[in-house]
1. Using Cα-Cα distances under 8 Å and only pairs 6 or more residues apart, what relative contact order does the range 130-223 have, in percent?
2. Carbon and sulfur together cover what percent of the accessible area of the range 94-154 at a 1.4 Å probe radius?
3. Can you tell me the relative contact order of the range 166-293? Whole percent, Cα pairs under 8 Å, sequence separation 6 or more.
4. Accessible area per residue for the range 125-179 in Å², computed with a 1.4 Å probe and the full protein assembly in place, what is it?
5. So if R0 is 25 Å, what FRET efficiency would SER252 and LYS194 give, r being the distance between their Cβ atoms, rounded to the nearest 0.05?
6. If we count trypsin sites (Lys or Arg not before Pro) as exposed when they sit in a DSSP loop and have at most 16 other beta carbons within 10 Å, what is the longest stretch of the chain that avoids them all?
7. Give the separation of the Cα centroids, the range 195-272 to the range 89-165, in Å.
8. With every protein chain left in place, what is the accessible area of THR88 in Å² (1.4 Å probe, nearest 10)?
Amino acid sequence: MHAVDEFLFCKADLPCYGKEWYYFVLSPNKGEQAVYWLLRSQMKTQGSAHKEIDSAWFYKNQTLTELGRAPSHMKTAKGIRISNDARTFELRGSYPHYAIRLTHEGSVLLEGRTKQAYAKSAELSNSRVLAFNTRVYNDVLNFSGTFLEDNVESHIIIQKAVVNGPFLPWRWSRLSFEDGSVLGFSKIPIPKLKRDFANYAYFYDATDYKTHDLGCVSVEQSPKQWQIQSKNLELILEPYAKQLTTFEARGSFSYEVNLVRTKEVLIKNRTITRSTRDLGTGYGPFENANGFVL
């Protein structure tokens, strides 16, 4: 079994401070998004004390439709099946060829198959600090199927994380462009230590099939946009929809998923120069998480 499948299809044995979540984002067409996630933990989520809770929402025709959060049950035999009274999410297959299906109140919202978008797209990491450890899988796969009865050929972002430790603030994004290029960045700021963890940016260039390291980033927020910079990157993101989830345990934490588009982008290093002029507009999720909870 592929290392990704071993992690993806395994239901984690969580301690009292453990958290596990799955996160899927489809970007069918310009500005359209479909988001589905599941969280398992001992925390209260939006006031709910259930150990497993899922959520689904989508943005289409300039309208955000929230399908609500609900207590759920996850099975991981030969894949993933997450279900509750309203909806069912299924992921079957083996890396990178998965079959994905999401239904809500009897209607099929999302259905299709994936294949690898580019070499080394999978990010599978494992880190440990004292008694705490974190394991994360991030990927961008090509998706072919239907979204709200429309045929789509697009990217789908898949993320799974198991955190046996505190939730710390983070900034994270994956953006896809029309030509198949992908831009991603991550940052975990720890102000008291005056340092960042997991700080990086990269760009997969679909014209030469190469991934370029863009270095560490700074992330600044203004009322209507986000500005991300590194020595090889200048990026302005414009949010157009968002969903906020709050967690409470030993502390409080806010998890905000923004749907964003690139307003300006300039990527420049020794081998490439790419800009808004040739890339067009990129779309994807931007996670803005704040607070502290154990």
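1. Computed over the range 130-223, the figure is 18 percent.
2. On the way: 1640 of 3470 Å².
Carbon and sulfur together cover 47 percent of it.
3. Normalised by residue count, the contact order of the range 166-293 is 27 percent.
4. Ligands and nucleic acids excluded, the figure is 42 Å² per residue.
5. Numbers: r = 23 Å, r/R0 = 0.94.
Computed FRET efficiency for SER252 and LYS194: 0.60.
6. 121-193
7. 20
8. THR88 has an accessible surface of roughly 30 Å² with all protein chains in place.
The values are calculated or read from the model by the stated rules, or taken from the named source; none is laboratory data. Remember, it's a predicted structure, so these values are computed and weren't measured experimentally. Note: ideal-geometry Cβ built from the backbone for every residue, glycine included; neighbour counts use all protein chains shown. Please note that ligands, DNA and RNA were not included when accessible areas were found on the heavy atoms of the full protein model with its side chains. Shrake-Rupley method; radii C 1.70, N 1.55, O 1.52, S 1.80 Å.
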